[in-house]
Amino acid sequence: MSLWVIGVCLICGALIGFLGGVLGIGGGLIAIPALVLLMDMSQQLAQGTALIMVLPTIVMAVRKYNQKARIDRRVAGAGAIGAVLFTWVGAQLALGISSSTLRISFAVFLFFVAAFYVYRIVKPPRAAVVKSETPGRLVPQLTPGRSAALGVVCGTLGGFFGVGGAVLAVPILTAVFRLPQTSAQALALTMIIPGSTIALMTYSWAGQANWWIGLPLAAGSLLFVPVGVRLAYRLPERKLRACFAAMLFATVVLLIFEA
């Protein structure tokens with residue numbers, strides 16, 4: 001591979017890492033459609049290659065989030081166990097279907113997640129915190145058991161789409177368990193680290209990961225993840241959710257265009 005391609009990958013990885021740090025998505029949602037559109041990769045190969053970049057970026061982002069606010073390791077660990085058990089299943093399902101079917105499935109999934117975020121943004125504010133303290137309106141506690149169940153769903157989706165576990169977990173953690181956006185992003189990313197490792201191994205074993213592209217993307221991404229995480233803590237939650245939804249809708253448009 002030429003030095004020119006490596007340089008472009010480094011620059012693209014830096015941009016993806018910055019956006020992934022801000023939005024708490026690990027950058028995979030940006031990298032996958034970019035790899036398909038710009039490098040003419042199949043959906044499976046793009047997902048496997050993106051995982052090479054996503055995994056170290058997630059680890060870096062979690063480290064930076066944890067420096068801002070301690071992550072509940074018991075809850076995160078339970079979610080990670082649930083995710084690990086089902087990530088391989090999701091990856092095997094993805095490797096067994098056509099690229100176009102997988103791509104459309106990915107677009108549909110992201111559309112509904114983005115629509116949910118728009119609903120959360122435009123929904124009129126209510127005194128949820130105050131009411132939740134009254135009898136019958138208690139906010140559900142995020143126990144290790146519930147976290148493990150969430151990890152099962154996120155692991156299956158993460159294996160099937162290469163990314164996506166955190167994308168589903170974040171709105172659930174904010175809407176159901178009322179976690180702040182940044183806390184939800186930190187916990188969700190922590191939960192998917194082991195499962196993402198399993199997914200990368202599965203895609204690589206099947207020959208659906210280009211390490212020559214993935215490694216420079218990862219190197220560039222790692223440089224700018226801390227900058228993105230710092231910005232995430234400065235943005236109001238409403239704006240952060242709006243940015244997250246806009247990124248998802250943009251990804252859906254790209255995927256439909258590619259299909």
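The values are calculated or read from the model by the stated rules, or taken from the named source; none is laboratory data. These numbers were taken from a predicted model, which means no experiment stands behind them. Virtual Cβ from ideal backbone geometry, glycine too; neighbours counted across all protein chains shown. Just so you know, the surface numbers come from the protein's heavy atoms only, side chains and all, with ligands and any DNA or RNA stripped out. Shrake-Rupley method; radii C 1.70, N 1.55, O 1.52, S 1.80 Å.
Brief remarks follow.
Matching residues to (1) modelled with pLDDT of 85 or more; (2) open to solvent by less than 50 Å² (accessible area, probe 1.4 Å); (3) in contact with an Asp or Glu (Cβ under 7 Å, 6 or more places away or on another chain); (4) not hydrophobic (A, V, I, L, M, F, W, C):
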{"site": "Lys68", "(1), (2), (3), (4)": "no, no, no, yes"}
{"site": "Gly79", "(1), (2), (3), (4)": "yes, yes, no, yes"}
{"site": "Leu102", "(1), (2), (3), (4)": "yes, yes, no, no"}
{"site": "Phe111", "(1), (2), (3), (4)": "yes, no, no, no"}
{"site": "Ala114", "(1), (2), (3), (4)": "no, yes, no, no"}
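- Conditions (1) closer than 30 Å to Asp40 by Cβ; (2) out of contact with any Lys or Arg (no Cβ under 9 Å at 6 or more places or on another chain); (3) not charged (D, E, K, R): number failed by Ala245: (2)
- Considering (1) open to solvent by 40 Å² or more (accessible area, probe 1.4 Å); (2) in contact with a helix residue (DSSP H, G or I) (Cβ under 8 Å, 6 or more places away or on another chain); (3) modelled with pLDDT under 85, the lone condition that Val229 does not fulfil carries the number (1).
- Only one entry of Ala31, Ala14 meets the criterion of being closer than 20 Å to Gly195 by Cβ and aliphatic (A, V, I, L, M), and that entry is Ala31.
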